[in-house]
Each structure stands twice: as C-alpha cells, then as structure tokens.
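Colleague: Mind having a look at this structure? Questions to follow.
What follows is calculated from the coordinates using simple rules that are stated; it is not laboratory data. None of these values were measured; they are calculated from a predicted model. Here the Cβ is made from the backbone with ideal geometry for all residues, glycine too, and neighbour counts use every protein chain on show.
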C-alpha cells in the first residue's frame, strides 16, 4: 500500500488516531513509571508557576465575589483575631519582625510570611482563603464549620497586621495576664492561653464573641470542652485548643474558671432608650417565655438549682449570646443531646427576640435574679 | 395474586372497622344515637331506591315485551322520575333538619359551666370549668358525666383542628380565633375514643384521646381529685425522679401543680399517671412509654414541639418515669 493511493481526508484521520493514541500511551507510561518528580525541592517551571498563580488569583476572586464584609474596625475583634493568629497562623506565616520558621519556608509553595503582602487581597478574598483554604498548598480550611464570625475576627486582624510594629504585635497578641497566678495546673501556660481571650479573675474577655467563663457552671464548661474536642461543637478557635487538652486539664480549667466571681453585667444606663426597651422585652422572655410562640422561659433551665449542664447566662456579652442563639437557629450548633434541646426553642425566636433576650441577660447580675413568674392556670 | 390477597385482607378488615372504641356505628351518646338512626334510615332508603332502579333497568333490557310496554308509559316517568324523588328527598331533608334542630335544642339544655378543649400541635388541652368559677387544667383525655348534656367549647391557638368523638356525636372544627360549641351527652358509661378529624400537620393521625363517660357521682369525685395538686412521690426512685424532672427544666413547658413546674407550653402533667394514654393516645400509659417518649419523642411523633432529652441516662429516665407514673 502506498500513501498516494489513500484519499487525503482518510490519511489525515489515521494520522490523528496515531498521534492521539500514541500520546495517551506515552502519558500513561510516564505516570505509571513515576517519572514526574513530586519533590517540594524540585521547583515548577517558570511558566507553570505563573499559570498556577494566575489560576489561584482568578479562583479566589471569582469564588469570593458577593461576600459581604461586616464592619471590621473593632478593637475586640482585632484582638480576638490576633490571639488566634498566634496559635493558628503564626507558626507558618510568622508575625511582624519575626523570621519565618525554616520549616514553613521549606514548604512548596512556601507559606508567605505575612506583612505588607496582605494588602494584595481584599477583605472578602482574605475571608474566603481563611474560610476555605487553598488546595495543593499547606493552607487548611477553617476547622469550625459555619463559624464565619470567627473567620471575620481573623480578617479584622489581618487588615491591621501590615501597620503593626513588632512591639505592637507582641502587645496585641500577649493579652492581659494577671502576674503570679497560682494555678495548680499540670501546665500553667494553659490558663494563660485561656485567659488570653476569655479573661480571668481580674480581666474581662478581649471581645464580645469570647464569653467570660468566670463563675460558670463547671459541668457545662467541661462538657463544652469535650464537645469542642470531639468536633461536635463547631469552632475553628476552640476545637484545636480543646483537642490538645487532657481530661484532667479540662476539669482543672473548668474548676478554676468556675471558682472566679461572676462577670460584671452592663446594666441599662438610660443613654440608649432602644437598649432599655430591649432589656425590658428580654426580661419578659427570660422570666415568662412567649406562650403564643411556644417559647418557654429561659430561666426555667438557665438558673441556679437546675442541672449544672445548663450554662448560666447572666452577665455574658450580648454578642456572644446572639451568636450562639443564631448558631442554634441555623443548625450549626446541633448534634449533641443538649443542643437538640435548645435548637428547637431557638428556632421559635425571631431575630429581634434573640436580641432582646441577649440584651436582658447581658444587663443583669448573675446572683440577683427573680424567680420565674408563677403562671399556673394562667389563661386569658 | 398479591392484589387478590390484599383485597381479601381489606375485605376481612372491613367489619373490624365497624366496631370498637372509635366507631360511629356503636352510639353511646344522645347526638350519636340520633345520627345513627338518620344514618340507617338514609342507608336503607338508598338500598330500596337502588333495588327499584336496577329492577327497572333489568326489565328494560331483558323483560318480556308486555312489561317493557308498561314501563315505557308516561305515568312511570312522571311518578317514578319526578314525584317519587321529590317526596323521598324532601322527607329525608326534613328528617335531617329535625335531627339538627334537636341538636340545637340540646345545647340549650346543657347545664353546668362546661368544658373547653383547645387543639394543640398535636394534643388536646382540656379545661374543666367548675360551678364556683375555678378551672381544672388537664390534657389528652375527656371525662363526661353520663346522662348530663355538657357544653364543649372548641378552640385552637394554631391551625384548624376538628374534634370528633364518633360514639358520642358529630364532628366540629376547632378554628383559631373562634369558639365552636358542641353539646355532648353520654348515654352510658364506658370508654371511647376521639380523633382529630381535620388534617393539621404531620402528626395529625397521632392526635387522639380517650373519652371516659362515668356515672355523675364518680365524675364529680374524679373532678374533685383532678383539681387537687400533684401527689407526693411515694418512694425513693420517684423522689429522685421529681428532682431530675425539676433540675432538667421540664417545668419550662409543663405544669405539675404543687411544684415549681409551671410551664404553659406543653400539657399539664399534674395527674398524668391516671390517664389512659400518653402523648394524645399515641402510647400506653406505663413507665416504659414515659421513658421512651422523653428520650425519643421526635421519632414517635415527628415535629412535635417537645425537644428530645437524649442527655438523660437510662437510670435517670427510669426515675423520671417512676415519678410521672405515680402522679395519679
């Protein structure tokens, strides 16, 4: 058979089949032979590197489109983000004035040492990266599913990061610590780690999202740590911390915090008529519930004399209470037996009623509490 | 074959549906007795009319020509096609109206303050008004004195339900924002069942209750007992059960008169141990059922308003069940 005898289109067809088939065979052989070097020490070609970066930038931009950025200029939010940054991010990304860990620098792609380069990203993009992580890099996604407000705390800090001097950074991340605290822990540094966000006997929490643990029921605190450690309660900040604690450390920490005097409430000051009205409405929900909406009184469970597994709510921050009720409502805080009790009730509350109840509890002292009103046989 | 078996099963099940505690064919109330007579009258008249019509059709098809000539006559159409239906239907209408009128007249005969039943999701709140103006809260069981017409006020604070105690009377809707009044008079003592007869949500079929008709003196004694606060726990297990009941916040939704539990969201449990069923005739009233309900109620009656208490251990559930079972 001679080439001239074949009609032109058919010759082209054979050529395509031979080239494609041969290509697939060669590619298969190349993969199976292990010819590609996956070593982190073997760098990409320049063009591959540029292409991968382009894909990354475009992907982050596209997928973060439409994310609404909440107000981030909040000192408490920045401090909370900073505290998490120290344990969660600094090991790879370093902080101002720090040398990056040689281990992180030897990753490929290397974790960028964060500084002015944060300015390259918009807040929505930073949120998306911290929330979802980056494939084929060392960047993990946020461990607390559904805890976006925690991610925003980190973003709030990242926005401030380029402006920080090493001293300011150290100041921000160290947190208030009472010197000479005689805490009989196996590891005394643990108490400092907790109080860095939650405060201690002498200092309040750093942000409204971080609840004060002072005077809280110890059974509840131990359960919360167990649930964080098991991943049944979601939090990108608390899960890694709780998982690293031994059982005895959890108990000791709970005892220590439970022994502190309860936090100071922020009572109605008369400056804000709106807040005062919220507190008044919240008091009604806390004491009597809302029968028409099948909402029982909060204090029927969250009060002294009830199971220690139910947390005390008085004098906790409004932000924390609203956040947690919303997590119950949207199903993020679910799956544990206790969450199954609270979630259906939280879902019966409107957003306004949640704000009312939170305002009330943030304004009252934990001891000074009126008994739930007796409403036996109360019928209109 | 399978269809045949299924059909024969259904056929066998038919007569079973005609007896029992929830059958309209076993009247034990004044209204039900009248409805029963109306029902059988209409049924037998219908049977007679059907036989008559089928006979005429048969004659028209296969009868000898002499018979066919007769039924082809004008007077057959005039009498059988116009006069007879007018007479029969008018008579039945009049009979039906008379029965309804008797029902309306009975409502005037009702004495005493009556009973309010509120349809909930998915259970019944039953409130007995007493002559002295006080009320007795109860739930998921209706008690009636035999031989006395009682005014039953039907209400709802959520969706439309319908109250139907087939052995005692007809059904009547419970409509949010309005009070419908039904007068029931039990004619003999005994236990029957009421059922929600208007689709009201996923667990509609599990919204039933027992209706207990008692001799008047027994009824008065029972109401007296029902008005009293809850009895004290009789043993250590029940005592522990009461502590657990209160500690775990059950009183947020439930009332047990005589304790701190004063909730108004769920059924009053002051005398729950004396009822014939749990969860609106969904479960028998025993300790196992209490324990199952507390931990697993969302499987037993999906989407009911009570959260499941999976946090309680077997021992704790047993103690709470012992306490509730003892609330007689």
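Colleague: Grab the eigenvalues of the alpha-carbon gyration tensor for chain A, scale each by 5, take roots, and send me the semi-axes largest first in whole angstrom.
Modeller: Values: eigenvalues 545, 147, 79 Å².
Output for chain A: semi-axes of 52, 27, 20 Å.
Colleague: What does the convex hull of the alpha-carbon atoms of region B:53-140 project to on average, in nm²? Please list the in-between numbers first.
Modeller: Numbers: hull surface 44.0 nm².
That works out to 11.0 nm².
Colleague: Scaled to the compact-protein estimate 2.2 N^0.38 Å, what is the alpha-carbon radius of gyration of region B:33-184, rounded to two decimal places? Could the numbers behind the result be given before it?
Modeller: Details: Rg = 23.9 Å, N = 152, 2.2 N^0.38 = 14.8 Å.
Computed over Cα atoms of region B:33-184, the ratio equals 1.61.
Colleague: Over the alpha-carbon set of region A:114-253, work out the extent along each principal axis and list the three values in angstrom, largest first.
Modeller: Ordered largest first, region A:114-253 gives principal extents of 45, 35, 25 Å.
Colleague: Antiparallel versus total DSSP beta bridges in the protein assembly as shown: what percent is that, nearest 5? Walk me through the numbers on the way to the answer.
Modeller: Numbers: 31 of 43 bridges.
Percentage antiparallel, nearest 5: 70.
Colleague: Helix A:8-32: angle to the longest alpha-carbon principal axis of chain A, degrees 0 to 90, nearest 10?
Modeller: 50 degrees
Colleague: Can you tell me the relative contact order of chain A? Whole percent, Cα pairs under 8 Å, sequence separation 6 or more.
Modeller: Values: 480 pairs, mean separation 51.7, N = 380.
Relative contact order, chain A: 14 percent.
Colleague: Just from the alpha-carbon atoms, what are the Rg and Dmax of region A:189-259 in angstroms?
Modeller: 11.1, 31
Colleague: Give me the three principal axis extents of region B:236-325 from the C-alpha atoms, as integers in angstrom, largest value leading.
Modeller: Taking the Cα atoms of region B:236-325, the three principal extents are 30, 27, 25 Å.
Colleague: Specify the inter-centroid distance of region A:143-174 and region B:43-75, based on alpha-carbon positions, in whole Å.
Modeller: Using only Cα atoms to place each centre, the spacing works out to 95 Å.
Colleague: Regarding chain B, what are the three Cα extents along the principal axes, ordered largest first, in Å?
Modeller: Largest to smallest, the principal-axis extents are 91, 57, 34 Å.
Colleague: Right, next: Using Cα centres only, tell me the gap between region A:61-119 and region B:82-128 in whole Å.
Modeller: Comparing the Cα centres of region A:61-119 and region B:82-128, I get a distance of 75 Å.
Colleague: On a 0 to 90° scale, report how tilted helix A:247-259 is relative to the longest principal axis of chain A, with both axes built from alpha carbons and the result rounded to the nearest 10.
Modeller: 40 degrees
Colleague: Just the Cα atoms of region B:128-255: what Rg and Dmax do they give in Å?
Modeller: 17.0, 47
Colleague: Given labels modelled 7 Å from the Cα in the Cβ direction, how far is it in nm from residue A:135 to residue A:87?
Modeller: Once both label points are built, they end up 3.1 nm from each other.
Colleague: Given the convex hull over the Cα atoms of region B:216-286, what projected area results after averaging over all orientations, in nm²?
Modeller: On the way: hull surface 22.0 nm².
Approximately 5.5 nm², given one-decimal rounding.
Colleague: Would you give the gap between the C-alpha center of region A:195-272 and the C-alpha center of region B:204-251, rounded to a whole Å?
Modeller: What the calculation gives is 41 Å, centre to centre.
Colleague: Write down the Å³ per residue value for the convex hull defined by the alpha carbon atoms of region A:218-328. Let's see the in-between values first.
Modeller: Numbers: hull volume 14.7 nm³, N = 111.
Here the figure is 132 Å³ per residue.
Colleague: If one takes the longest principal axis of the Cα atoms in chain A, at what angle in degrees, from 0 to 90 and to the nearest 10, does the Cα axis of helix A:273-288 lie?
Modeller: Between helix and principal axis, roughly 80 degrees.
Colleague: What is the ratio of the Cα radius of gyration of region A:116-174 to 2.2 N^0.38 Å, where N is its residue count, to two decimals?
Modeller: Details: Rg = 12.5 Å, N = 59, 2.2 N^0.38 = 10.4 Å.
Compared with the compact-globule rule of thumb, region A:116-174 sits at 1.20.
Colleague: Plugging the Kirkwood radius over Cα pairs into Stokes-Einstein for region B:138-207, at a temperature of 10 °C and a viscosity of 1.306 mPa s, what D comes out in µm²/s? Intermediate results must be reported in sequence, preceding the final value.
Modeller: Numbers: Rh = 12.8 Å.
Value of D from the Cα-based Kirkwood radius: 124 µm²/s.
Colleague: A follow-up question, please. Please compute the contact order of chain B in relative form: average sequence separation of alpha-carbon pairs under 8 Å and at least six residues apart, divided by the residue count, as a percent.
Modeller: Working: 595 pairs, mean separation 51.1, N = 328.
RCO, chain B: 16 percent.
Colleague: Also: For region A:273-363, which semi-axes, largest first and in whole Å, follow from the square roots of 5 times the eigenvalues of its Cα gyration tensor? Provide the component values of the computation, followed by the final result.
Modeller: Working: eigenvalues 72, 43, 35 Å².
Result for region A:273-363: semi-axes of 19, 15, 13 Å.
Colleague: Expressed as a whole percent, how much of the Cα-Cα distance distribution for region A:11-166 exceeds 25 Å? Let's see the in-between values first.
Modeller: Working: 5316 of 12090 pairs.
That fraction is 44 percent.
Colleague: Suppose we keep just the alpha-carbon trace of region B:91-168; what are its Rg and Dmax in angstrom?
Modeller: For region B:91-168, the Cα radius of gyration and maximum Cα-Cα distance read 14.7, 46 Å.
Colleague: Let me ask another. Can you give the Rg to Rh ratio for the protein assembly as shown, taking only C-alpha atoms and Rh from Kirkwood?
Modeller: Values: Rg = 37.4 Å, Rh = 32.2 Å.
Using Cα coordinates only, the ratio equals 1.16.
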